[in-house]
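Structure first, commentary second.
The values are calculated or read from the model by the stated rules, or taken from the named source; none is laboratory data. Just so you know, these numbers come straight off a predicted model, no measurement behind them. When we count neighbours, we look across all protein chains shown, and the Cβ atoms used for this are built from the backbone with ideal geometry, even at glycine. Keep in mind that these areas ignore ligands, DNA and RNA; they rest on the heavy atoms of the full protein, side chains included. Shrake-Rupley method; radii C 1.70, N 1.55, O 1.52, S 1.80 Å.
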Amino acid sequence: MSVAIIINPISGGAGPDAARAKAQLARAVVDAHGDRPDILLTERVGHARELAQSAMQRGARLVIAWGGDGTINEVASALVFGEVPLGIVPAGSGNGLARELGVARRPERAIADALAAEPRLMDVGEIEGRYFVNAAGMGFDAHIASQFASSRRRGFLGYAGITARALTSYVPLTYRITTGGTTVETRAVLVTLANSAQFGNGALIAPGARVDDGELDLVVVEERSRFRTICSVPHLFTGTANKIVGCRIARVREVTVETTAPMTFHVDGEPVQGGTRLRARVHPRALHIAVR
């Protein structure tokens, strides 16, 4: 049986020339483990999902996504509800899920760990028919994701620059949020559904979230004042997001979010244009994951 490694050659701001070196490294590590490598390079948005589906049809025992959160999302979306596990080589701007799962940062170590790991099950979120493994949301983070997707500057510095500018210019919406039969209305800068604790880059949006607890952490941060919003940013990097003034965190299995205007939302950092009502839910133990 083969091991498929799907590589996004430009993730994290890398140049196309890096693809050859990544492919050679992946082939060497898989060969050394005694498996048959199937090295695949993405060429466009959505291609990783297609490649993962084809790899499963060819009988791959493991599919490894080498890229950022978007690449991992595409591969996971193809593997969800199946028996073939997902491996991860983090190479993006945030690497939220990889950090949460403790995946090694060195590619050769991450590949070797995935090859030797005993697969385990994790939850998967779904919002408007789109799956997510790390986080989804609307509001400020979706705005940032949309800006970043159209930016020429990739990597952490590009993301940080967009975030800094948006902190002073972003205009929050008023949301109607319904879960468990209760509806609340709030003007919020952030509405996040976290499957894991991490946004990426070490930012902890939901410190108590677990990828295998059968629930999503609904994080709502009200806009009390822009000054307070800016001052709350350090809490994301100290594991104290729950101490942000106006922050509410609840464990949910289903949630509906409504506004008066169509919303942009994101799935694992990839922006999607939605309508005025978004429905989300969790699928417990829906994805096999191969990590140490």
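Quick one: accessible surface of Leu173, probe radius 1.4 Å, all protein chains present, in square angstrom to the nearest 10.
70
Whole number in Å², please: accessible area per residue of the chain, 1.4 Å probe, ligands, DNA and RNA not counted.
45
Ordering Phe81, Phe140, Phe199, Phe132 from largest to smallest accessible area (1.4 angstrom probe), what's the sequence?
In descending accessible area the options line up as Phe81, Phe199, Phe140, Phe132.
Arg228 versus Ala116, label points 7 Å from Cα toward the beta carbon: distance in nm?
Those two pseudo-labels are separated by 5.0 nm.
Suppose accessible area is computed on protein heavy atoms with a 1.4 Å probe; arrange Lys243, Lys22 from highest to lowest.
Heavy-atom accessible area, descending, gives Lys243, Lys22.
Within segment 105-125, which residues have the backbone N less than 14 Å from the label spot 7 Å out from Asp35 along Cα→beta-carbon, could you tell me?
So the set is 108-120.
Work out the P(r) tail for the chain: percent of alpha carbon pairs separated by more than 33 Å, whole number.
So the pairs more than 33 Å apart make up 21 percent of the total in the chain.
Along the charge dipole of the chain, Cβ charges K/R +1 and D/E -1, which of Val211, Gly269, Gly15 sits furthest on the positive end?
Ranked along the dipole, the leading option is Gly15.
If R₀ is 25 angstrom, what is the calculated FRET efficiency for the pair Ser169 and Ala21, using the beta carbon separation as r and rounding to 0.05?
The formula returns an efficiency of 0.05 here.
For n ≥ 4 DSSP H runs only, could you compute -39500 (n - 2.57) per run for the chain, divide by its residues and tell me the 222 nm figure to the nearest 500?
-8500 deg cm²/dmol
With helices defined as uninterrupted DSSP H runs, which ones in the chain have an alpha carbon span along their own long axis of at least 18 Å and mean Kyte-Doolittle hydropathy of at least -1.0?
Helices meeting the criterion: 18-33, 155-169.
Which of the three applies to segment 7-83, rounded, prolate or oblate, going by the alpha-carbon gyration tensor with a ≥ b ≥ c and a/c under 1.5 meaning rounded?
oblate
Suppose the chain between Thr240 and Arg281 were pulled fully straight at 0.36 nm per residue; how much longer would it get relative to their current alpha carbon spacing?
So the chain would gain 12.2 nm between Thr240 and Arg281.
Restricting attention to segment 56-156, which GluC sites (Glu not before Pro) occupy a DSSP loop and are surrounded by at most 15 other Cβ atoms within 10 Å?
Taking segment 56-156 and a limit of 15 other Cβ atoms within 10 Å, the loop GluC sites (Glu not before Pro) found are Glu83, Glu128.
When the solvent-accessible surface of protein heavy atoms is calculated with a 1.4 angstrom probe, in what order do Ser169, Ser11 fall, highest first?
My answer, sorted largest first, is Ser169, Ser11.
Between Gln53 and Gln273, what is 0.36 nm times their sequence separation minus the Cα-Cα distance? Round to one decimal in nm.
76.7 nm
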